[in-house]
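Heads up, the thing below is written out as C-alpha cells.
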Amino acid sequence: MTSTADPHRAPAAKRDRTHYLYIAVIGAVLLGIAVGFIWPDFAKELKPVGTGFVNLIKMMISPIIFCTIVLGVGSVRKAAKVGKVGGLALAYFVAMSVVALAIGLLVGNILHPGSGIDLADSDKGAGHEAADEANKGLVDFALGIIPKTLVSAFTEGEVLQTLLVALLVGFALQAMGRSGEPVLRGVEHIQKLVFRVLGMIMWAAPVGAFGAIAAVIGETGVDALKALATIMIGFYVTCALFIVLVLGTLARTVAGVNLFKLLKYLGREFLLILSTSSSESALPRLIAKMEHLGVSRPVVGITVPTGYSFNLDGTMIYLTMASLFIAEAMDQPLGIGEQISLLLFMMIASKGAAGVSGSGIAVLASGLQSHKPALVDGVGLIIGVDRFMSEARALTNFAGNAVATLLIGTWTKEVDKERVAAVLAGQLPFDERTLVDDGHGAEVPDAAASVPEGRSEGGKEPAKV
C-alpha cells in the first residue's frame with residue numbers, strides 16, 4: 001500500500017509548486033501594471049528584464065521543434081502521411097486567414113474606428129521606418145527558409161529553417177530503417193533533456209512578466225490608451241468573437257471538443273502570452289500539451305511550427321482593422337476593392353510574422369506603402385497602443401494554432417479521442433515537471449523504427465492511462 005501511494009504524492013506536490021508559480025505570474029503582472037502607472041520612467045528601464053525572459057524561451061524553440069519532428073517523421077512508416085498532414089494544414093491555414101480577413105473587414109466597416117482622430121507631425125516618420133524594416137519580397141522569404149548550414153537553423157532561431165532541417169533528417173532516418181533506431185532513441189533523450197531545461201526556465205516567468213508589463217505601461221501611458229480606446233476595444237471584441245464563434249464551432253463540429261475546456265487546459269500558456277505579448281513564448285509548451293492531449297507527434301510537429309508562420313488569425317484581423325482605422329483617421333477612406341487587394345497582399349506579406357512582438361506594425365506599414373503610400377504616415381497613430389493589440393494578436397494566433405492542431409489530427413485520424421476527453425476532464429494531468437510524459441502523444445520506444453506494424457501510420461502508440 002505504501003509503495004503505491006508514494007508515487008502519487010510526489011507528483012501532486014510538484015504540481016502544487018507550479019500552480020503557485022503561475023499565481024506569482026499573475027501577481028507580477030498586476031505589480032508591473034502598478035509600477036508602470038506610478039513610476040513610468042523607472043518602468044521603461046525594466047524592458048530588458050522582459051526581453052531577456054522571452055529570449056530564454058526562444059532559445060529552446062529550435063531544439064524542441066527539431067526533436068519533435070524528427071521523432072514523429074522518423075517513426076512514420078509512409079512518407080506520404082507527412083505530406084498529407086502538411087498539405088491539409090496549409091490549405092486550412094489559408095482558408096482561416098480569409099475568414100479572419102472577412103470578419104475584420106465587416107467589423108471595421110461597421111465601427112469606423114478612425115473617426116475623429118488627428119495625426120500629429122511627430123507620428124509621421126514612424127510608419128516609414130517600420131515599412132523599411134519589412135521591405136522583404138516573396139523571393140527573399142522563400143530563400144530565407146533555407147539555412148546557410150545544417151546547424152545554422154538552430155543558431156539563428158528561424159522556425160521555418162528548423163522545420164526544413166528536421167523534416168530532412170526525419171525522412172532520412174525513416175529511410176534508414178533499423179539502422180536509424182539508435183539515432184531516434186538519442187533524439188528522444190535529447191527531447192526530454194530540452195523540456196527539462198524549459199521547465200527550469202519557466203521559474204523565471206514572474207520576473208519576466210513583471211519587466212515586460214511594466215515597460216509597456218510606462219511607455220504607453222494613460223492618455224494614449226484613452227485616445228485609441230475605440231480601436232483597442234473593437235479589436236479585442238472581434239478577436240474574442242472569432243475565437244468563440246469560428247474556432248469554437250469548428251472544434252465542436254469537427255473534433256467534438258468543447259472550446260472552453262480546451263482553453264482552460266491551455267490557461268497557463270495564455271497567461272504566459274498575455275504577460276510577454278508574444279505567442280512564440282508558449283510554442284514549446286503548446287507542442288508538449290497537444291501531444292499530451294492525444295494528438296500524434298507527426299501532426300503536432302508539423303502543424304504547430306508551420307501554423308506559427310502561416311496560421312495568423314489574430315494578425316489578419318489586426319491588419320484589417322488597423323488599415324481601415326488609419327485610412328479613416330487621415331480622411332482617405334478605402335473602397336471595398338482597395339480594401340480587399342490591400343489585405344490579400346498583407347496576408348501574403350505577414351507569413352513569418354508570428355511570435356515576433358511588434359512585427360504586425362512592420363507588415364502593416366509595408367502593405368500601406370506598396371498600395372497607398374500616402375497612408376504610411378498614419379501608422380504612427382497606432383504605434384502607441386500596438387503592444388496592447390499585440391497581446392490580442394498573440395492570444396488569437398495561439399488559440400487558432402491549438403484548434404488547428406486538433407482539427408488536422410481529427411481529419412487525418414491521428415487523435416486519441418478517449419484520451420482527449422480524459423485530459424480535458426482533468427483525469428490525466430499534464431506533467432509540469434518534465435513537460436513530456438512517457439506514453440502520451442507518440443513516444444518512440446526502442447523498437448519504433450523496426451516494428452512499424454505495431455504503430456499507426458502517424459507513429460502513435462495506444463494511450464497509456
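Confirm whether residue 387 is modelled with pLDDT of 75 or more and assigned to a helix (DSSP H, G or I).
Here the answer is no, as residue 387 does not meet what is asked.
Pick from the stretch 345-376 the residues that are outside any helix (DSSP H, G or I), at negative phi and open to solvent by less than 20 Å² (accessible area, probe 1.4 Å): which of them is modelled with the highest pLDDT?
350
Return yes or no: is residue 186 at pLDDT 85 or above and either open to solvent by less than 70 Å² (accessible area, probe 1.4 Å) or in contact with a strand residue (DSSP E or B) (Cβ under 9 Å, 6 or more places away or on another chain) (or both)?
Answer is yes for this residue.
Any chance the stretch 225-242 includes a residue that's of a type in the set (D, E, K, R) and touching a residue at least 40 places away in the same chain (Cβ under 8 Å)?
So far as the stretch 225-242 goes, no, none of its residues is of a type in the set (D, E, K, R) and touching a residue at least 40 places away in the same chain (Cβ under 8 Å).
Run residue 200 past the list (1) open to solvent by less than 40 Å² (accessible area, probe 1.4 Å); (2) of a type in the set (A, V, I, L, M, F, W, C); (3) within 23 Å of the chain's Cα centre (by Cα) and report the number of the one that doesn't hold.
The one condition residue 200 does not meet is (1).
Is it the case, given these coordinates, that residue 103 is modelled with pLDDT under 85, part of a helix (DSSP H, G or I) and open to solvent by less than 60 Å² (accessible area, probe 1.4 Å)?
So residue 103 does not fit the description; no.
Considering only the stretch 408-427, I want to know if a residue exists there that is open to solvent by 20 Å² or more (accessible area, probe 1.4 Å), at pLDDT 85 or above, part of a loop (DSSP other than H, G, I, E, B) and of a type in the set (D, E, K, R).
Yes, the stretch 408-427 contains at least one residue that is open to solvent by 20 Å² or more (accessible area, probe 1.4 Å), at pLDDT 85 or above, part of a loop (DSSP other than H, G, I, E, B) and of a type in the set (D, E, K, R).
The values are calculated or read from the model by the stated rules, or taken from the named source; none is laboratory data. Keep in mind that what you see is a predicted model, and the values were worked out from it rather than measured. We place every Cβ from the backbone using ideal geometry, glycine too, and count neighbours over all the protein chains shown. Note: accessible area is taken over every heavy atom of the protein model, side chains too, but ligands, DNA and RNA are not part of it. Shrake-Rupley method; radii C 1.70, N 1.55, O 1.52, S 1.80 Å.
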